[in-house]
Amino acid sequence: MNTAPKSFRAEWLADSSGYTVSESVPGANERVRVRYDVADGKRTVLNGSEHKPSSDPGQRSPDGASVLLS
């Protein structure tokens with residue numbers, strides 16, 4: 001069985017320390033913004049004032065070394 005990977009949209013943080021994504025809340029009809037730290041993989045749910053999503057699909061990290069594709 002050959003299955004295609006799921007795609008997602010993410011945004012690099014300005015300091016390249018991690019990225020944010022929008023995730024569904026299990027058992028609820030809502031989404032939350034979540035930050036993932038690159039160094040340790042720590043997941044943190046953000047409130048609306050901590051980060052605004054970008055409308056730019058597929059972003060480069062600020063140092064240009066990595067790309068997240070949507």
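The values are calculated or read from the model by the stated rules, or taken from the named source; none is laboratory data. Just so it is clear, the structure is predicted and the values come from calculations on it, not from any experiment. Because the Cβ atoms are built from the backbone with ideal geometry, glycine has one as well, and the counts that use them run over all protein chains shown.
Here's the yes/no breakdown for (1) surrounded by 10 or more Cβ atoms within 10 Å (Cβ to Cβ); (2) modelled with pLDDT under 65; (3) not in a strand (DSSP E or B); (4) not hydroxyl-bearing (Ser, Thr, Tyr):
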site: Lys6; (1), (2), (3), (4): no, no, yes, yes
site: Tyr19; (1), (2), (3), (4): yes, no, no, no
site: Ser49; (1), (2), (3), (4): no, yes, yes, no
site: Pro53; (1), (2), (3), (4): yes, yes, yes, yes
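Is it true that some residue in region 6-23 is of a type in the set (Val, Ile, Thr) and in contact with a strand residue (DSSP E or B) (Cβ under 8 Å, 6 or more places away or on another chain)? Scanning region 6-23, I find at least one residue that is of a type in the set (Val, Ile, Thr) and in contact with a strand residue (DSSP E or B) (Cβ under 8 Å, 6 or more places away or on another chain), so the answer is yes. All of Ser61, Ser70 fail the test of being at pLDDT below 85, surrounded by 10 or more Cβ atoms within 10 Å (Cβ to Cβ) and under 11 Å from the mean Cα position of the chain (by Cα), apart from Ser70.
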